[in-house]
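Working notes, structure below.
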Amino acid sequence: MRALDVARLVVAFGLAVPLAIPSAHAAEPPRDIKGLYLMTDYPAVTIRPGTTSNISLRLQNYDLGPQRYKLSVEGVPSGWTATLLGGGQPVAAAMPAPDSSVPLQLRLDVPANASLAEQTVTVKAEGQGSEATLPIVVALAKELPAKLTVTSKLPELRGSPKSNFEYTLTIKNDSGRSLIASFAAAAPQNFETSFTEAYGTQELSSIPIDAGQSKDIKLKVRPPSAIDAGHFPVKVTVNAEDASAQTEVALDVAGQPQLQLSGRDGLLSARAVAAEQSAIPVVVTNSGTAPADNIELAATAPSGWKVTFQPAKIERLVPGKDTEVQALVTPSDKSLAGDYQLAMRATSRGETASSQFRVTVSTSTVWGMAGAGVIGVALLLMLGAVARFGRR
Amino acid sequence: MRREGSAFQGVGAVFVKELSDNISSVRMLMLELLIVLTAMAALYEAITALRQNTAEDPFLLLRLFTVSQAPLPSFVAILGFLIPLMAIGLGFDLINSEHNRRTLSRILAQPIYRDALLLGKYLAGLATITISLTALWLLVIGLGLIFLGVPPGGEEIARSLAFLVIAVFYAGVWLSLAMLLSIVFRSPATAALVALGIWLFLTVLWPMLAPAIAQAIVPPDPRFAALGLDTPGTAIWTQLLQRFSPNDLFGEAMLAVLSPTTRTLGPVFLDQIRGAVMGAPLPFGQSVMIAWPQTVGLIACTIVLFVAGYVLFQRQEVRA
């Protein structure tokens, strides 16, 4: 925990230092100021015991010749460690050029058991003839507020079990530090949830947020397709270090019919005789969550085939029920013997189900009878010849 | 003089005597050796090809009949070529040899009618061929069991039995023809030559002549030729003419019975294939329905030729 805090603070100050340097160079020194100054942006800070903090300082030289200044820290309470850093390493002296500054950092290691009383640490720069001091007031606080808020712009969405529910969530980091916010969603069982970037597809589980900034993420919820209509809340929790925030979004799922088409007992094959009408039983099932109205049945058949349905239309099919329809199939009289594909469809206002049936066509046996007749005629011919020409 | 009593009196005696003569004759031995050796060669090639190429096939046994491996044609094609030879070899001197040996009047002096003599001789010839074909059929199944190791299914057996029946009637056509010629011609050599001439004409020349005649009847349409297709009219006529040859009828019937995926034997229009599931085998009954017209042709041809021979024989002078 401690190491993590140190790392975060270093990150924070690493960001702060490059900001400080350009302002120091850009500032035109006013003409009427002269001398040596030790400066910091915030001379009174609050630190958590048991952590290491960096306070950025700068030694400003206005209109003085270059000189060596010895640096020291006074008033450090016992148990604390105070180190002056310049350019990333401990330094004991600094030498600012005229009208420019040298950035410095004061690193304070505060022990965890330090008393909570306010302390004053004085940083001193001494040269020949001039010196500068900077008292820094260090207050200690057990808890530093790391505040997070999460809000949803459209917390309640409505749709069918097949639609995607997408919520845009805004996470705001109101604490003084950059945080890595991780999030989780507690949805009803079998709901699929995923977090993505606001304009991306990559799934996330956490996101870094700078101090005072906010970020948008997207929560996608996919309900199971076989869900009943209803109102389903999803609780979103955002966690960052010791702060957490919660919000609730909701899915308003409207029911939807879902059709299925198959033969009786799931059989998808049938027999038919060329040029003769045969009935194929077709079962239409509504496995959805809302009744299906006006189910129309249609078929895509090989050319020359006639397919009609009896009845041609199902008025209403409540969820979980099925109904049987007879498909009257008449293969073309030119159909070859063997298997043909026959596609049947049931359509009810945007919901469609289709199945491929395999119809084994037999040819008519009329010609087979005719062939037997030919043989019979030949046999009669033989009998006639035997009767007519039979002799001793 | 009118006959008294059954026409079949004495058929049994003639049948048994002729059958034993046929089976023990050297001629029959030679014919059988010819057929068995050639068919075995074709079968061996088919087995080699099937063993090397082990694709999953629900009708592996039937493939033994139809697979051809260059330079040998398939088993069925060889049978289609050689069955007529066997039938002609058995039938060309059925009657005229009796005439020449002057034994006909002696036989007819027994209580045997002419009907019975002719029918008995014919049935004995057919039975001889049936016995050899059955032996060949059993040989195929046995070799298939030994070398492929796959027991044949019920439908395969049914289909190969249909093959056996059709092959017997195919032999019957040629036996009827040979017997007719042996009645017409007094010299066995003439009868044999005429029979072989008809056989060669129908087997070798007719398949070449039929397209030429069809093209004379319906000239090919250059629009179809430009698309690389046969003109439908010409194709239909070609097939119609080719079916005058028993050889073609046998080949077509075998195609329908032994290749279960055959759905039709005639030319097919595109709208007939639309929506059809290709490569699905037909039920046995439907395959038989497809082969039925060809089979009817063979059976009817057998009977008609026999009746022609019968009528001629009944009207013939027997006393030499």
Counting alpha carbon pairs within less than 8 Å and at least 6 residues apart, what relative contact order, in whole percent, applies to chain B?
22
Once the dipole of the protein assembly as shown is set up with Lys and Arg at +1 and Asp and Glu at -1 on Cβ about the Cα centre, which of A:44, A:108, A:152 lies farthest towards its positive end?
A:152
For residue A:93, what is the net charge nearby, where nearby means another residue's Cβ is under 13 Å from its Cβ and Lys, Arg count +1, Asp, Glu -1?
+1
Value of [θ]222 nm, deg cm²/dmol, for chain B, DSSP H segments ≥ 4, -39500 (n - 2.57) each, nearest 500:
-23500 deg cm²/dmol
When only Cα pairs under 8 Å and 6 or more residues apart are kept, what is the percent relative contact order across the stretch A:331-372?
41
Of the listed links A:147/A:215; A:34/A:124; A:313/A:334; A:162/A:215; A:142/A:172; A:147/A:218, those spanning more than 26 angstrom between alpha carbons are A:313/A:334; A:162/A:215
Ordering B:92, B:169 from largest to smallest accessible area (1.4 angstrom probe), what's the sequence?
B:169, B:92
Around residue A:148, what is the net charge, scoring Lys/Arg as +1 and Asp/Glu as -1 over all other residues with Cβ under 14 Å from its Cβ?
0
Of B:19, B:254, A:258, whose Cα points farthest to the positive end of the dipole of the protein assembly as shown (charges on the beta-carbon: +1 Lys, Arg; -1 Asp, Glu; origin at the Cα centre)?
B:19
Simple spin-label estimate for residue A:358 and residue A:316 in nanometres, 7 Å along Cα-Cβ:
4.0
Cross-link reach from residue A:153 to aspartates and glutamates, straight Cα distance under 13 Å and at least 8 residues apart if same chain, gives A:166, A:216, A:248
Under Karplus coefficients 6.51, -1.76 and 1.60, residue-wise ³J(HN,Hα) of the stretch A:122-130 in Hz, glycine/proline x
10, 9, 10, 10, 10, x, 7, x, 9
Taking GluC sites (Glu not before Pro) as candidate sites, keep only those in a DSSP loop with at most 15 other Cβ atoms within 10 Å, then name the longest stretch of chain B containing none of them.
B:57-316
The A/B contact buries a total accessible area, at probe radius 1.4 Å and rounded to the nearest 100 Å², of 3100
For residue B:81, what accessible area in Å² do you get when you roll a 1.4 Å probe over the heavy atoms of the protein chains, rounding to the nearest 10?
90
With +1 on each Lys and Arg Cβ and -1 on each Asp and Glu Cβ, and nothing else charged, work out how big the dipole of the stretch B:123-277 is about its Cα centre, in Debye to the nearest 20.
180
Chain A: relative contact order in percent, alpha carbon pairs under 8 Å with at least 6 residues between:
11
For the stretch A:343-392, which whole-number percentage of the solvent-accessible area (1.4 Å probe, protein heavy atoms only) is attributable to carbon and sulfur atoms?
66
With Cβ to Cβ distances under 15 Å as the rule, what net charge do the other residues near residue A:231 carry (K, R +1; D, E -1)?
-2
Extending each Cα 7 Å along its Cβ direction at residue A:156 and residue B:218, get the distance between those two points in nm, one decimal.
7.6
Cα axis of helix B:188-200 to longest principal axis of chain B: angle in degrees, 0 to 90, nearest 10?
10
Net dipole in debye of the stretch A:148-253 [+1 Lys, Arg Cβ; -1 Asp, Glu Cβ; about Cα centre; nearest 20]:
180
Say R0 is 22 Å: what FRET efficiency, to the nearest 0.05, do residue B:9 and residue A:377 get from their beta-carbon distance?
0.25
Inter-chain shielding of B:267-280 (mean C-beta neighbours from other protein chains, 10 Å cut-off):
5
Could you pull the accessible area for residue A:231 with a 1.4 Å probe, rounded to 10 Å²?
100
Using the Cα centre of chain B as origin and beta-carbon charges of +1 (Lys, Arg) and -1 (Asp, Glu), tell me which of B:126, B:233, B:43 is placed farthest towards the positive end of the dipole.
B:126
Please work out the C-alpha center-to-center distance from the stretch B:63-102 to the stretch A:70-123 and express it in whole Å.
118
On the full set of protein chains, 1.4 Å probe, figure out the accessible area of residue A:137 and give it in Å² to the nearest 10.
50
Let me know the charge dipole size of chain A about its Cα centre in debye, to the nearest 20, where only the beta-carbon of Lys, Arg (+1) and Asp, Glu (-1) is charged.
1960
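The values are calculated or read from the model by the stated rules, or taken from the named source; none is laboratory data. Computed from a prediction, not measured in an experiment: that's the story for all the values here. Backbone-built Cβ (ideal geometry, glycine too); neighbour counts: all protein chains shown. These accessible areas exclude ligands, DNA and RNA; they are computed on the full protein's heavy atoms, side chains included. Shrake-Rupley method; radii C 1.70, N 1.55, O 1.52, S 1.80 Å.
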